[in-house]
Every structure is written in C-alpha cells, then in structure tokens.
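> Let me begin by handing over the structure; questions about it come next.
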Amino acid sequence: MSSGNVNLLVPDDERGRTESLIAEICNDIRDLLLAKNRAYGNSALKPIRIFSKADAREQLLVRIDDKLNRIKQGNDSLESDEDVITDLIGYLVLLKVWQHGNGGPGSRL
C-alpha cells in the first residue's frame, strides 16, 4: 500500500462514508464467518475427510476455484448476486486464517 497525500484528494465526508462502509461490510463478513464456524463446527479448517483426503488449504482452494469457474461459465453473476462476492471474500478470509495458523505468509506462529 502506498502512503502519502492521496487522501487529500478525497473530501473528508466522502472518505468517512467510504471508511464506514468498509467497516460495515468487513463486520458483516466477520459475523457471517463466525456464525458459520459455530454452526458447522470449524469444518472449513478442520474438515472431516470422509471422501476427500485433501487438507484444509487445498479444500479452500477448490471451493474458490469452483466459485470462480461458475462465474466464468455464467452460472453466477457478480452484478445480480451479491452472495457470490461474499462467498469469495469469505473463502479468501478463511484461506488467510489457514495461512496465519500454519506458518504461511503473515503467520503469527
């Protein structure tokens, strides 16, 4: 990320509105991921592996690939289905969580 005086070009009220929307949307995604994690027992990062023996990272990558493929094939539309964007962000956040917990980039281990 660059630092500098770029923010000076954006009026304070517009920048404040943007920052509020960023916080609101991030909070909504956080709440959704936490609720799903409680409901499904941490299955994204600790899958039960009955059929697939792939690790959690690989399973997340497959979910991301599947979602992107459906968009590419025209089965999901970014313009008409906000859930598509939320799903992708959620999977990417989970991948980042996996990285942090497993010595990947940005790891806190």
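The values are calculated or read from the model by the stated rules, or taken from the named source; none is laboratory data. Since the structure is predicted, the reported quantities are computational estimates derived from the model, not experimental observations. With ideal geometry, Cβ positions are generated from the backbone for all residues, glycine too; neighbour counts draw on all protein chains shown.
> In segment 77-109, which residue that is among the acidic types (Asp, Glu) and within 20 Å of LEU32 (Cα to Cα) is modelled with the lowest pLDDT? Outline the logic, then answer.
In the first step, residues of segment 77-109 are kept if they are among the acidic types (Asp, Glu); the result is 79, 81-83, 87.
Going one step further and asking which of them are within 20 Å of LEU32 (Cα to Cα), we end up with 81-83, 87.
Numbers: ASP81: 71, GLU82: 76, ASP83: 85, ASP87: 92.
Checked segment 77-109; the qualifying residue modelled with the lowest pLDDT is ASP81.
> Taking interchain pairs and intrachain pairs at least six residues apart, which have beta carbon atoms under 9 angstrom, with the first residue in segment 62-89 and part of a helix (DSSP H, G or I) and of a type in the set (Val, Ile, Thr) and the second buried (at least 16 other Cβ atoms within 10 Å of the Cβ) and modelled with pLDDT under 80?
Listed pairs, sorted by first residue: VAL84/ASP76.
> Something else: Going by what's in this entry, would LEU60 be described as at pLDDT 95 or above and within 12 Å of the chain's Cα centre (by Cα)? Quick ask: steps written out before the conclusion?
Numbers: at pLDDT 95 or above: yes; within 12 Å of the chain's Cα centre (by Cα): yes.
For LEU60, the condition - at pLDDT 95 or above and within 12 Å of the chain's Cα centre (by Cα) - is met.
> Restricting to segment 11-35, and then to whatever is over 13 Å from the mean Cα position of the chain (by Cα) and basic (Lys, Arg), can you tell me which residue is farthest from THR86 (Cα to Cα)?
Applying the first criterion (over 13 Å from the mean Cα position of the chain (by Cα)) to segment 11-35 yields 11-24, 35.
If we keep only those that are basic (Lys, Arg) too, we end up with 15, 17.
Details: ARG15: 23, ARG17: 20 Å.
Top of the filtered list is ARG15.
> Next up: Looking only at segment 38-59, how many residues end up being within 21 Å of GLY103 (Cβ to Cβ) and among the polar types (S, T, N, Q)?
Residues flagged as within 21 Å of GLY103 (Cβ to Cβ) and among the polar types (S, T, N, Q) within segment 38-59 amount to 2.
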